[in-house]
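Engineer: Before anything else, here's the structure in question.
The values are calculated or read from the model by the stated rules, or taken from the named source; none is laboratory data. The structure presented is a predicted model; accordingly, all values stated were derived computationally and were not measured. When we count neighbours, we look across all protein chains shown, and the Cβ atoms used for this are built from the backbone with ideal geometry, even at glycine. Just so you know, the surface numbers come from the protein's heavy atoms only, side chains and all, with ligands and any DNA or RNA stripped out. Shrake-Rupley method; radii C 1.70, N 1.55, O 1.52, S 1.80 Å.
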Amino acid sequence: IRETARMAVTAVVGLQWGDEAKGKIVDLLTDRHDVVVRYLGGNNAGHTVVIRGEKYKLSLLPAGILRPEATSVIAAGVVINPGALLDEMNSVTQRGIPIGKNLLISDRAHVIFPWHRAEEAMLEKKRGDDAIGTTMRGIGTCYRDKAGRTHAIRMGDLVRPDVFRKRVTEVAEHKNAKLKALDPGGELTDPEALLKEYGEYAERLGPHVVDTTAWLHNALREQKSILFEGAQGSLLDVDHGTFPFVTSSNSSGCGIHAGSGVPERAIDKMIGVVKAYTTRVGGGPCPTELHDDIGQHIRDEGNEYGTVTGRPRRCGWFDAVATGYGARISGVDCLAVMLLDVLSKLDTLQICEAYDIGGERTREFPSHIEDLAKAKPVYRTLPGWKSDICGLKQWSDFPKEARAYVDAISELLEQPVEIVSVGPDREQTVFVK
Ligand code: GDP
Ligand code: IMO
Ligand code: MG
């Protein structure tokens with residue numbers, strides 16, 4: 001990745017459990033692309049972009065929205081809470097950034113309804129200590145209805161008043177019957193009130209709703225440059241992640257084709273974004289998690305509290321077994337190593353290069369969480385650099401210990417590191433030759 005060159009078709013995917021600072025990398029690359037595409041997830045994502053000290057928190061809107069000259073696309077694989085999307089659009093326009101024809105929303109994207117959140121709350125409660133720790137946005141239950149087909153409603157239905165009335169009447173009847181059986185005191189859906197509320201959303205979002213798949217294929221034909229903005233991370237992928245402690249879509253590179261309709265072979269460069277350490281929000285195993293002062297130090301230095309839910313993130317050492325697996329699943333071409341500055345005050349650093357599972361050493365990432373839960377990290381110890389690197393601009397000016405640390409990540413993941421990030425701002429980015 002050269003600092004200024006215009007790029008063709010690029011994808012940015014997280015290789016860990018989300019929050020790798022994908023938003024920052026996407027923002028950095030938007031001015032080299034005509035189109036920015038979100039292709040999965042929904043308002044479970046929280047992408048932070050800092051431009052000259054101004055902080056923007058984006059959830060459903062692609063980070064490209066901050067550059068109105070780019071077209072931002074919410075593609076077929078996204079699940080949309082229309083009220084949340086409109087709130088987010090308002091908060092962006094209130095800050096002086098116009099949204100008009102530059103935002104396109106897929107008519108194939110599925111719609112999140114209040115019953116999705118209610119069902120999720122019930123399911124999570126029932127799991128008790130074994131709760132997935134979801135963001136409670138109705139993401140998983142909406143994807144479940146999409147896969148089940150019978151009770152799903154898409155954006156294309158929402159903007160057709162007759163179709164929408166018919167669908168809501170049918171689905172609400174089913175959802176109410178189910179809720180009555182499961183939770184007799186639960187709040188039932190009043191279809192008329194819902195039709196009124198969602199009818200207003202439809203009116204406001206309608207002008208943006210198109211067949212984004214056809215639009216993207218035209219853009220490719222016109223040789224427009226496209227940037228795919230991943231959400232969540234490879235280890236949260238429903239097929240390849242730490243099931244069942246995952247999100248309900250293909251959040252690795254695997255999801256780009258399914259979620260956008262653009263074939264993977266159209267992508268020229270796939271950038272894998274990794275944090276220089278590990279974080280995870282919600283439940284599920286995390287072999288390198290630190291329950292000590294160092295874990296707390298990383299949380300404090302990295303401000304590791306969820307963008308969406310405010311939950312403290314679980315923090316630990318960099319896990320090259322898990323992240324290497326994420327890189328292979330996603331099929332990346334290079335790495336962006338983020339938040340390196342967070343490690344600056346530590347004397348020594350550890351990188352997990354293998355797991356010990358019941359006395360057997362392995363570099364394969366286990367497919368079953370029971371085995372992953374038993375995995376003891378085998379660490380490589382590296383010296384820290386103990387100096388401030390936030391303002392450095394040239395890779396050659398970095399302390400040799402910092403370069404060795406990044407080199408170790410590169411070696412273990414068998415990928416070149418092309419970007420290193422040392423702070424939240426656009427300017428705090430170093431392009432590694
Ligand atoms: P995303 O979900 O992958 O887009 O990541 P988040 O926005 O949820 O979390 C990344 C956080 O790290 C945000 O608060 C960013 O502003 C911040 N950030 C990004 N890059 C850096 C960096 O290099 N150093 C530090 N200290 N913070 C960073
Ligand atoms: P970004 O795009 C980190 C996690 C939740 C939970 C699990 C399932 O900001 O990286 P869900 O609500 O999706 O059903 O929750 O996935 N999760 C994320 N963790 N970053 C995210 O998005 C996440 N999106 C979902 O915490 O463990
Ligand atoms: Mg995030």
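Engineer: For segment 287-318, name all the residues that are within 12 Å of ligand 1 (Cβ to nearest atom) and without any contact (Cβ under 8 Å) to a residue 12 or more places away in the chain.
Structural biologist: Across segment 287-318, the qualifying residues are Asp300, Asn303, Tyr305, Gly310.
Engineer: Against the condition more than 29 Å from the chain's Cα centre (by Cα) and of a type in the set (Val, Ile, Thr), how does Val238 come out, does it pass?
Structural biologist: Working: more than 29 Å from the chain's Cα centre (by Cα): no; of a type in the set (Val, Ile, Thr): yes.
So Val238 fails the test.
Engineer: Tell me, yes or no, whether segment 91-107 has at least one residue that is of a type in the set (Gly, Ala, Ser), within 16 Å of ligand 3 (Cβ to nearest atom) and closer than 30 Å to Phe243 by Cβ. Write out each step before concluding.
Structural biologist: Keep residues of segment 91-107 that are of a type in the set (Gly, Ala, Ser), which gives 91, 96, 100, 106.
The next check asks that each one be within 16 Å of ligand 3 (Cβ to nearest atom); those that pass are none.
Taking every residue of segment 91-107 in turn, none turns out to be of a type in the set (Gly, Ala, Ser), within 16 Å of ligand 3 (Cβ to nearest atom) and closer than 30 Å to Phe243 by Cβ.
Engineer: I would also like to ask the following. Return only the number of the condition from (1) under 21 Å from Glu120 (Cβ atoms); (2) exposed (fewer than 13 other Cβ atoms within 10 Å of the Cβ); (3) not aromatic (Phe, Trp, Tyr) that Asp162 does not satisfy.
Structural biologist: (1)
Engineer: Restricting to segment 1-27, and then to whatever is open to solvent by 10 Å² or more (accessible area, probe 1.4 Å) and of a type in the set (Gly, Ala, Ser), can you tell me which residue is farthest from ligand 2 (Cβ to nearest atom)?
Structural biologist: Filtering first and then ranking leaves Ala5.
Engineer: Looking at Ala76, Ala45, can you tell me which residue is out of contact with any Pro (no Cβ under 8 Å at 6 or more places or on another chain), under 20 Å from Val273 (Cβ atoms) and either within 16 Å of ligand 1 (Cβ to nearest atom) or among the hydrophobic types (A, V, I, L, M, F, W, C) (or both)? Write out each step before concluding.
Structural biologist: Numbers: Ala76 fails: under 20 Å from Val273 (Cβ atoms).
That would be Ala45, the only listed residue that is out of contact with any Pro (no Cβ under 8 Å at 6 or more places or on another chain), under 20 Å from Val273 (Cβ atoms) and either within 16 Å of ligand 1 (Cβ to nearest atom) or among the hydrophobic types (A, V, I, L, M, F, W, C) (or both).
Engineer: How many of the residues making up segment 215-235 are crowded, with 24+ Cβ neighbours inside 10 Å and over 13 Å from the mean Cα position of the chain (by Cα)? Explain how you work it out, then say what you get.
Structural biologist: First pass over segment 215-235, keeping only residues crowded, with 24+ Cβ neighbours inside 10 Å: 216, 226-235.
When the remaining residues are screened for being over 13 Å from the mean Cα position of the chain (by Cα), the result is 216, 226-227.
The qualifying residues number 3.
Engineer: A further question follows. How many residues does segment 132-147 hold that are in a loop (DSSP other than H, G, I, E, B), open to solvent by 30 Å² or more (accessible area, probe 1.4 Å) and away from ligand 1 (no atom under 16 Å from the Cβ)?
Structural biologist: Counting residues in segment 132-147 that are in a loop (DSSP other than H, G, I, E, B), open to solvent by 30 Å² or more (accessible area, probe 1.4 Å) and away from ligand 1 (no atom under 16 Å from the Cβ) gives 2.
Engineer: Specify the residue that is surrounded by the fewest Cβ atoms within 10 Å (Cβ to Cβ); the eligible residues are those in segment 67-87 that are of a type outside the set (A, V, I, L, M, F, W, C) and in contact with a Lys or Arg (Cβ under 9 Å, 6 or more places away or on another chain). Steps first, please.
Structural biologist: Restricting attention to segment 67-87, the residues satisfying the condition of being of a type outside the set (A, V, I, L, M, F, W, C) are 67-69, 71-72, 77, 81-83, 87.
If we keep only those that are in contact with a Lys or Arg (Cβ under 9 Å, 6 or more places away or on another chain) as well, we get 71-72, 77, 81-82.
Values: Thr71: 24, Ser72: 26, Gly77: 27, Asn81: 25, Pro82: 21.
Out of the qualifying residues, it is Pro82.
Engineer: Just to be sure I understand the filter: pairs with C-beta atoms under 8 Å, separated by 6 or more residues or on different chains, first member in segment 107-131 and among the small types (Gly, Ala, Ser), second member in a helix (DSSP H, G or I). Which pairs pass?
Structural biologist: That search, which allows pairs on different chains as well, returns Ala109/Met155; Ala118/Leu179; Ala131/Glu124; Ala131/Lys125.
Engineer: Where the second residue is of a type in the set (D, E, K, R) and open to solvent by less than 10 Å² (accessible area, probe 1.4 Å) and the first is on the phi > 0 side of the Ramachandran plot and lies in segment 332-343, which pairs have Cβ atoms under 6 Å and are six or more apart or on separate chains?
Structural biologist: Correct list of pairs: Leu339/Lys275.
Engineer: Sticking with this structure for a sec: Quick check, is Val308 in a loop (DSSP other than H, G, I, E, B), touching a Gly at 6+ places or on another chain (Cβ under 8 Å) and within 16 Å of ligand 3 (Cβ to nearest atom)? Give the steps one after another, and end with the answer.
Structural biologist: On the way: in a loop (DSSP other than H, G, I, E, B): yes; touching a Gly at 6+ places or on another chain (Cβ under 8 Å): yes; within 16 Å of ligand 3 (Cβ to nearest atom): yes.
Spelling it out, Val308 is indeed in a loop (DSSP other than H, G, I, E, B), touching a Gly at 6+ places or on another chain (Cβ under 8 Å) and within 16 Å of ligand 3 (Cβ to nearest atom).
Engineer: Residues that are open to solvent by less than 10 Å² (accessible area, probe 1.4 Å), part of a loop (DSSP other than H, G, I, E, B) and within 12 Å of ligand 1 (Cβ to nearest atom): does segment 28-42 have at least one?
Structural biologist: The answer is no; no qualifying residue exists.
Engineer: With the requirement that a residue be free of Cβ contacts under 8 Å to residues at least 60 places away in the same chain and of a type in the set (A, V, I, L, M, F, W, C), what does segment 50-69 give you?
Structural biologist: Leu58, Leu60, Leu61, Ile65, Leu66
Engineer: Here are Ser59, Ser91: which of them is of a type in the set (Ser, Thr, Tyr), surrounded by 17 or more Cβ atoms within 10 Å (Cβ to Cβ) and farther than 20 Å from Val9 by Cα? Steps first, please.
Structural biologist: Working: Ser91 fails: surrounded by 17 or more Cβ atoms within 10 Å (Cβ to Cβ).
Going through Ser59, Ser91 in turn, just one is of a type in the set (Ser, Thr, Tyr), surrounded by 17 or more Cβ atoms within 10 Å (Cβ to Cβ) and farther than 20 Å from Val9 by Cα: Ser59.
Engineer: Could I ask something else about it? Which residue, of Trp17, Trp115, is of a type in the set (Phe, Trp, Tyr), under 28 Å from Ala172 (Cα atoms) and out of contact with any Phe, Trp or Tyr (no Cβ under 8 Å at 6 or more places or on another chain)?
Structural biologist: Working: Trp17 fails: under 28 Å from Ala172 (Cα atoms).
Only one candidate qualifies: Trp115.
Engineer: Against the definition (away from ligand 1 (no atom under 16 Å from the Cβ), open to solvent by 10 Å² or more (accessible area, probe 1.4 Å) and modelled with pLDDT of 95 or more), how does Gly284 come out, yes or no?
Structural biologist: yes
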